[in-house]
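In what follows, a single structure is set out as structure tokens and then discussed.
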Amino acid sequence: MDTDRLYRLTKEDAPKIIRILTECFREDPLYQKLIPREEVRERALPGLFRCDAEELLGSCDVFADSPEVNGLMIVDDENEPWSPLQYYTEEAYYALKADAIVAMEDWSLRTLWNFILGRKYLSGEWTDDLKDPRQLHIIYFAVRPQCRGTGLARKLMTPVLDYADSHGCAVSLETHNPRNLELYRHYGFLLFQTMRRHLDLKQYCLVRPPKGREEGLALPAAHAGGSAVPLPQAT
């Protein structure tokens, strides 16, 4: 994905990526369930996000609002060529690396077991059910807490959605925080499916069809009926 409206990050920006992800996700329901002990979460998250930064900087488009990185958007453009062997090899490597980090931070191995149970929550494989090769998947969308309400979210999201519309791409993402649903509704996202596997945690899988293809979104059998359902109100 190409855009001149956002600042593209490189490997030299990895510390800033780790900082903003740690700040924004330490209280996220996903990581609270995966790492329920706060002191373990504080120790483990920087290492886990270091793994993510290393992996995603090599395979995805990583954008920020500015060199200061007060807002972050990481996008996987599934229209671009990719090597299945390289992809699955790197995915396995970084999964093992993440497991080693949580095992070292919690010798009881309870956190590691949570990560094993919650592996699906950390994957975007549900987008395969969309059966649409023209997709952008937003892996991370984050704005530092002190910068929320300043327009940074719109600054990050609008270029991605404009690019998707101009290339006929659906945009997908997932969230585990129902408080985020109103924000995504505002940008035109619809609920594709809600998943609950383990850890008593819901994953909301959202998709925004490109303009002009709103009625052509392929839905799983559970949602057969021709169009995605509206997002539920946050509770």
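The values are calculated or read from the model by the stated rules, or taken from the named source; none is laboratory data. Remember, it's a predicted structure, so these values are computed and weren't measured experimentally. Cβ atoms come from the backbone with ideal geometry, glycine included; neighbour counts cover every protein chain shown. Each accessible area value is taken on the protein alone, full model and side chains, heavy atoms only, with ligands, DNA and RNA left out. Shrake-Rupley method; radii C 1.70, N 1.55, O 1.52, S 1.80 Å.
In table form, for the structure just shown:
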| quantity | calculated |
| --- | --- |
| Among Ala53, Leu112, Ile139 the positive-end extreme of the charge dipole of the chain (Cβ point charges) | Leu112 |
| Dipole magnitude of the range 1-105, debye to nearest 20 (Cβ charges: Lys/Arg +1, Asp/Glu -1, about Cα centre) | 420 |
| Equivalent ellipsoid semi-axes, the range 1-60, via Cα gyration tensor eigenvalues times 5, rooted, Å | 25, 12, 10 |
| The range 65-179, dipole about Cα centre (Lys/Arg Cβ +1, Asp/Glu Cβ -1), debye to the nearest 20 | 520 |
| Cα-based reach from Lys11 at 30 Å (exclusive), listing lysines while leaving out same-chain residues under 8 positions away | Lys33, Lys97, Lys120, Lys155 |
| Area of Val62 that stays accessible when all protein chains are in place (1.4 Å probe, Å², to 10) | 0 |
| Solvent-accessible surface ranking, highest first, for Ser123, Ser108 at 1.4 angstrom | Ser108, Ser123 |
| Whole-angstrom Cα spans of the chain along principal axes, big to small | 52, 40, 40 |
